Structure formats: structure tokens, C-alpha cells
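Peer 1: First the structure, then my questions, so here it is.
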Amino acid sequence: MELQKFLSSTTELAGHEGPQDHVVLSSRVRLARNVTGRPFPGRAKKASRVETCEFIQPAIAAASAMRGGFSESMQPLQALDKQLLVERHLISREHAAKGAGSGLVLSKDETLSVMINEEDHLRMQALLPGLQVKQVWQKMDRFDTSLEKKLDFAFDARLGYLTACPTNLGTGIRVSAMLHLPGLVLTDQVNQIVQAVTKLGHAVRGLYGEGTEASGHLFQVSNQMTLGESEADIIERIHKVVLQVIEHEENARQTLLRTKAKELYNHIGRAYGTLAHAHIVSSKETMDKLSLLRLGVKLELFKGLTTPLLDELFLLSQPAHMQELVGEKLSGEERDLHRADLLRKHLAKVKGLKLPE
Amino acid sequence: MTEIVDGQMKKIDLCEECAKDQGVTDPKGFALADLLLGLGAASEMESGSGELECPACGFAQADFKKSGRLGCSDCYATFAEPLEGMLKQMHKGTQHVGKVPKALRQEMDFTKQQQQLEKQLSKAIETEDYEQAALVRDQLRGLDVPPEEPVEPKAKGTKSAKGVKGGEV
């Protein structure tokens with residue numbers, strides 16, 4: 001099946017609402033698993049990786065949670081397909097570089113995805129909108145257990161699930177929440193918060209994970225340690241930390257409204273002006289400005305705009321989604337032109353828009 | 001910036017921006033030790049000096065120095081010793097307390113129960129509570145028969161199997 005036909009439309013994807021989504025865009029759980037008796041992907045020769053992939057892939061695809069899903073080797077996927085998957089956070093950038101001997105299984109609604117032969121034999125991910133770390137773990141846990149019937153996971157009574165990298169040993173879990181923190185950025189408090197969260201043993205990263213910068217005021221908070229603590233405890237701590245960050249972000253937004261309303265309106269009004277009227281606009285500028293519009297909508301300063309539209313534009317503005325939409329390969333400069341066209345078209349359509357006075 | 005960590009002086013040069021990011025300007029939020037944790041305490045495993053080689057996959061300690069990844073699940077047994085310090089530093093503990101595959105759960109519960117009873121028995125003997133000791137001994141005898149094989153006959157023990165199983169799905 002063709003990937004692009006399989007993927008849900010951006011409208012559908014952006015329409016999902018979740019609890020606390022004025023700050024938390026999504027909650028995610030990733031599990032690392034390996035099967036017994038086979039070298040890890042980084043060590044295995046190509047023939048062995050292919051064989052392992054052919055062994056694992058059907059077992060995953062046959063799981064009931066994957067009914068109506070998408071299952072494919074990474075080899076036939078085009079560069080554009082892979083980039084679309086990265087932009088939807090369904091595969092890692094590392095996995096996008098893989099070919100024969102690596103695979104991908106996606107559930108129909110794109111909330112479950114399994115990378116085969118990434119760094120580990122299996123990297124499984126469950127994704128839900130808003131703050132739902134506990135729910136998303138339950139979903140992942142059920143799926144993981146359902147696979148035990150078919151796959152013998154490498155497990156040790158003392159060290160837990162055995163993973164290629166010792167940093168994932170034990171539970172193999174990475175729980176993360178994608179946070180939208182424009183208030184903390186605008187009030188210059190975000191570094192302090194990042195430091196505090198890091199001190200508590202959590203990692204804070206940008207939009208696309210490790211080593212990426214925080215575009216669009218988006219920050220991903222996740223656990224660092226995986227051994228010596230149960231999944232439930234790890235999740236509970238992340239949940240608590242995220243609740244704290246939400247509170248700080250809410251306070252920062254209120255402070256801005258109280259003490260720097262003019263500056264805030266200026267930021268948001270200019271962001272709207274640029275996106276609604278520019279003819280050339282980069283992806284970074286778009287993300288940062290859409291982020292300000294999202295803040296405006298959540299503070300109810302903007303009548304007429306909705307977050308699903310903004311979230312959809314955010315996704316469509318990414319390079320691969322831009323190219324899929326236009327239907328041809330585009331250079332960076334061409335993308336900036338098409339992106340501006342897209343934004344003007346959508347933002348001009350918004351009826352009854354009222355900017356803050 | 002200079003800081004003393006474990007009696008060793010560490011010096012590090014930071015540009016203005018990194019310094020700001022690391023919170024050097026805010027003395028409460030900064031500890032050079034955190035920054036250096038990875039560097040200062042290069043573990044036995046990371047030094048890559050050991051001669052060990054994994055019998056299952058041929059992975060050597062020098063390979064770990066290069067990639068930071070192990071070769072196969074058996075490597076954890078091969079390199080258990082050099083890994084120990086690193087795991088201690090990296091994680092909250094070195095004993096897994098999370099999820100256990102269903103098929104192994106029963107087996108592990110059995111071992112735990114046995115250990116508990118043995119403890120009770122020696123305590124009873126110590127306190128010369130022979131009545132209790134006899135009771136516990138009987139319980140232990142009852143345990144001697146391991147529980148029924150788990151429902152999934154495929155399940156292996158805690159050690160990973162070497163046999164390659166292809167096309168079983």
C-alpha cells in the first residue's frame with residue numbers, strides 16, 4: 001500500500017483534542033525491546049538484519065491493535081515518505097535513514113507505531129493528544145503484552161529488558177510530553193524551568209527530539225533513567241513535573257496579560273500580520289509565529305481562529321508536508337513561497353477575526 | 001570556571017551563551033559537577049581497555065568505546081562487571097523493578113516466595129521457635145514442586161536463548 005494514501009489527512013490529525021491541551025500538545029510512551037538469540041541491529045550484518053526484520057514484522061502486523069494498519073520495509077519508502085513520517089513523529093530521524101533490514105508498522109489511527117531494527121529490534125511508540133501519560137502507558141503496556149505471545153523478549157531478572165544502549169536498560173521506557181511554553185519563553189523564565197526539570201532527572205529537548213532546538217516554543221520533557229524504578233513511578237513523576245510546568249506556564253501567561261498586555265498584543269498582532277500577508281516565509285518563522293497565534297487563541301484574544309486550524313497549518317508548513325501538498329519536489333526557496341501562499345489563503349479565509357485591541 | 005570534583009580540579013571554558021544556558025549566572029541553578037559527570041567518571045566500560053569479548057556475538061569492549069551500544073543481549077552477562085559502575089551512575093538502581101513478561105512472572109514469584117520462606121525458617125531456628133520452623137519447613141517442601149509450566153510453552157528462563165528461531169510466526 002502506498003504510504004501517502006494510508007496516512008490520515010492533516011485536518012483529521014489536527015482535529016484531536018486532549019486534556020490540558022492549552023499547554024500539552026501530546027503524550028507519548030516509547031518502549032525498547034529486543035528478541036532473544038539475535039545480535040542487536042547495530043551489530044548485526046545486513047543479511048541477519050533482514051532475517052530478523054522478516055521474523056518480527058509479521059508478528060507485529062498481526063497484532064489486533066494493528067488491524068487495518070500499515071506494514072512495510074523501509075527499503076521501498078521514498079525519501080519524501082520517510083520525511084512525512086518524521087514530521088508526524090512516527091519514526092525517528094535515525095530510522096528514516098534506514099533501508100533494507102529495517103521496517104515499520106503503523107496502526108490505522110497512527111497512535112501506535114513500531115520501528116523494527118532501529119537501534120533495538122523493536123522501538124514501539126504510543127501517542128495520545130494532550131496530557132494523558134498514564135493512558136498512553138496503558139495503551140503501550142497492553143500492546144507490549146499482546147506481543148509476548150509471539151516474540152521472546154530478551155529479559156534478565158536483574159537488569160530487566162535488555163537494550164542495545166545501557167541508558168534504556170530495565171523498563172526500556174521513555175515517557176514524554178510535548179509542551180507549548182510561549183508564556184515562559186516571553187517572560188524569560190524558560191531556562192530556569194528547563195534547569196529545574198533537568199535537575200529532577202528529566203531531559204528537555206526540542207521539537208524533533210535529541211539535539212534539536214526549540215522551535216515554535218515547543219519543548220519535550222522525558223524521563224532519563226529507566227532502571228531501578230517501575231514504569232508507574234516513572235510516569236507518575238513525569239505527570240507531576242508536567243503539572244508543575246503547566247502551572248508555571250499559566251502564571252506566565254497571566255503575568256503577561258496583567259503587566260505586559262501591549263507587548264503581548266504586539267507580538268501576536270505582528271505574527272498574524274506576517275503570516276496573513278507574507279509572500280516568502282521560512283519554516284522556522286512560521287512555527288514561531290503560529291505558536292504566538294496559538295497562544296492568542298488559547299488566551300481568547302483572537303475570535304475566529306481555532307487551534308485545529310493552527311495545528312494543521314503547523315504540520316503542513318513542514319518541508320515534506322509542503323511538498324506532498326504541492327505534489328512536487330521543492331527547493332528551500334520554493335517551499336518558502338508555497339508556504340506563504342498556503343498561510344495567506346487559510347488565514348484570509350477566517351471570518352469574523354478580531355485582533356486584540 | 002573551576003570546580004573541585006572528588007578532589008580533582010576540573011577546568012572548563014564556556015562561551016557566554018553556553019554559560020547562560022547552563023545557568024552560571026545563577027549560582028543556585030548551577031553545578032559544574034553535573035556538567036562533568038559524564039566526562040569525569042569515564043567508567044571501566046567506556047575506557048575500552050578490557051580484553052573481554054562476548055562469546056555470542058564477538059563484541060569487544062573497544063567496540064563499546066566507539067558506539068556506546070552493546071552487541072547482543074548476552075553482552076550484558078559478558079560485560080556485567082565493567083558495566084556495573086556505569087549503570088549505577090546512569091540509573092536510579094541496578095535492580096529492575098518494572099514490568100516482567102507474563103510468562104516469567106510466575107517463575108520469579110516462585111523464587112521470591114522461596115527466599116522469603118527460607119528467611120523465615122532461619123529466623124525461627126534462631127529464636128528456637130521450633131513449632132514455627134516445622135511449619136515453614138513444610139511450606140518450603142510444598143514449594144519444592146515448581147509451579148505448572150507457564151501457559152506459553154515458548155517462554156524461556158531469564159537467560160536469553162542462543163538458538164535462532166526463524167519463521168515461527
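Peer 1: How large is the direction-averaged shadow of the alpha-carbon convex hull of chain A, in nm²? Mind dumping the intermediate values first?
Peer 2: Working: hull surface 70.5 nm².
Seen from a random direction, the Cα hull of chain A projects 17.6 nm² on average.
Peer 1: Are there GluC sites (Glu not before Pro) in the stretch B:60-139 that DSSP marks as loop and that have at most 16 other Cβ atoms within 10 Å, and which are they? Display every interim value, and only then the final one.
Peer 2: On the way: sites: B:84, B:107, B:118, B:126, B:128, B:131; in loops: B:128.
In loop regions of the stretch B:60-139 (DSSP not H, G, I, E or B), the sparsely surrounded GluC sites (Glu not before Pro) are B:128.
Peer 1: Over 5 Å intervals from 0, what percent of Cα-Cα pairs in the stretch A:215-357 sits in each interval?
Peer 2: For the stretch A:215-357, the pair-distance distribution reads 2, 9, 16, 18, 15, 13, 11, 9, 6, 3, 1, 0.
Peer 1: Right, next: Determine the total buried accessible area between chain A and chain B, counting protein heavy atoms only with a 1.4 Å probe; round to the nearest 100 Å².
Peer 2: Details: alone 16460 and 13490 Å², together 25780 Å².
Interface between A and B: roughly 4200 Å².
Peer 1: Moving to a separate point now. Quote the FRET efficiency, to the nearest 0.05, computed for residue A:9 versus residue B:95 with a Förster distance R0 of 45 Å and r equal to the Cβ-Cβ distance. Intermediate results must be reported in sequence, preceding the final value.
Peer 2: Numbers: r = 47 Å, r/R0 = 1.05.
For R0 = 45 Å, the calculated efficiency reads 0.45.
Peer 1: Another question, then. Heavy atoms only, probe 1.4 angstrom, no DNA, RNA or ligands counted: give me A:233, A:21 ranked by accessible area, highest first. Walk me through the intermediate numbers first.
Peer 2: Values: A:233 85, A:21 30 Å².
Solvent-accessible surface, decreasing: A:233, A:21.
Peer 1: Between the stretch A:162-178 and the stretch B:54-107, what's the alpha-carbon centroid distance in Å?
Peer 2: 13
Peer 1: Please give the residues of the stretch A:3-17, grouped as numeric ranges, whose backbone N is less than 15 Å from a label point set 7 Å along the Cα-to-Cβ vector of residue A:108.
Peer 2: Output list for this probe position: A:6-9.
Peer 1: Roughly speaking, what is the stretch gain from residue A:349 to residue A:203, that is 0.36 nm per residue apart minus the C-alpha to C-alpha distance, in nm to one decimal?
Peer 2: Values: separation 146, 0.36 × 146 = 52.56 nm, distance 3.99 nm.
Residue separation times 0.36 nm, minus the Cα-Cα distance, leaves 48.6 nm.
Peer 1: When the Karplus curve 6.51 cos²θ - 1.76 cosθ + 1.60 is applied with θ = phi - 60°, which whole-Hz ³J(HN,Hα) does each residue of the stretch A:36-46 get, with x for Gly and Pro?
Peer 2: 6, x, 9, x, 5, x, x, 9, 5, 6, 4
Peer 1: Please go through the residue pairs A:240/B:112; A:45/B:112; A:134/A:199 and name each one whose alpha carbons sit more than 30 Å apart in this structure. It would help to have the intermediate numbers written out before the result.
Peer 2: Details: A:240/B:112 32 Å; A:45/B:112 40 Å; A:134/A:199 23 Å.
In this structure, A:240/B:112; A:45/B:112 lie more than 30 Å apart at Cα.
Peer 1: Amide H of residue A:159: which non-local residues (sequence gap of 5 or more, or other chain) have their own amide H closer than 5 Å, using H built in the peptide plane?
Peer 2: For residue A:159, whose amide H was placed from the backbone, the distant partners under 5 Å are B:96.
Peer 1: Return a whole-number percent for the relative contact order of the stretch A:291-357, with Cα pairs under 8 Å and 6 or more residues apart as the contact set.
Peer 2: Relative contact order of the stretch A:291-357: 44 percent.
Peer 1: Then there's this: From the phi of every residue in the stretch B:119-132, what ³J(HN,Hα) in whole Hz does the Karplus formula 6.51 cos²θ - 1.76 cosθ + 1.60 yield, where θ is phi - 60° and glycine or proline is x?
Peer 2: Running phi through 6.51 cos²θ - 1.76 cosθ + 1.60 with θ = phi - 60° gives 4, 4, 5, 5, 5, 5, 5, 4, 8, 6, 8, 5, 4, 5 Hz.
Peer 1: Could you list which residues have their amide H under 5 Å from that of residue A:203, counting only those 5 or more apart in sequence or on another chain, with H placed in the peptide plane?
Peer 2: So residue A:203 has HN proximity to A:222, A:223, A:224.
Peer 1: Considering only protein heavy atoms and a 1.4 Å probe, what is the carbon-and-sulfur percentage of the accessible area of chain A? Display every interim value, and only then the final one.
Peer 2: Working: 7250 of 14410 Å².
Carbon with sulfur: 50 percent of the solvent-accessible area.
Peer 1: Past the 25 Å Cα-Cα mark, which pairs from A:150/B:66; B:102/B:123; A:149/B:99; A:260/A:289? Display every interim value, and only then the final one.
Peer 2: Details: A:150/B:66 34 Å; B:102/B:123 32 Å; A:149/B:99 15 Å; A:260/A:289 18 Å.
Pairs exceeding 25 Å: A:150/B:66; B:102/B:123.
Peer 1: How far apart, in nm, are the 7 Å Cα→Cβ label points at residue B:106 and residue A:328?
Peer 2: If labels sit at residue B:106 and residue A:328, their model points lie 6.4 nm apart.
Peer 1: While we're on this one: What's the local net charge at residue A:44, with K and R +1, D and E -1, over the other residues with C-beta under 14 Å away? Provide the component values of the computation, followed by the final result.
Peer 2: Numbers: positive: A:38, A:43, A:45, A:46, A:49, A:98, B:69; negative: A:51, A:54, A:118, A:119, A:120, B:63, B:74.
Net charge in that neighbourhood comes out at 0.
Peer 1: Label-point separation (nm) for residue A:215 and residue A:149, each offset 7 Å from Cα along Cα-to-Cβ?
Peer 2: 4.3
Peer 1: Another one. Pop a pseudo-label 7 angstrom from the Cα along the beta-carbon direction at both residue A:47 and residue B:80 and give the gap in nm to one decimal.
Peer 2: According to this spin-label approximation, the distance is 3.3 nm.
The values are calculated or read from the model by the stated rules, or taken from the named source; none is laboratory data. Note that the structure is a prediction, hence the values are computed from the model and not measured. Neighbour counts run over all protein chains shown; Cβ positions are idealised from the backbone, glycine included. Quick note on the areas: whole protein, heavy atoms, side chains included, nothing else; ligands and nucleic acids left out. Shrake-Rupley method; radii C 1.70, N 1.55, O 1.52, S 1.80 Å.
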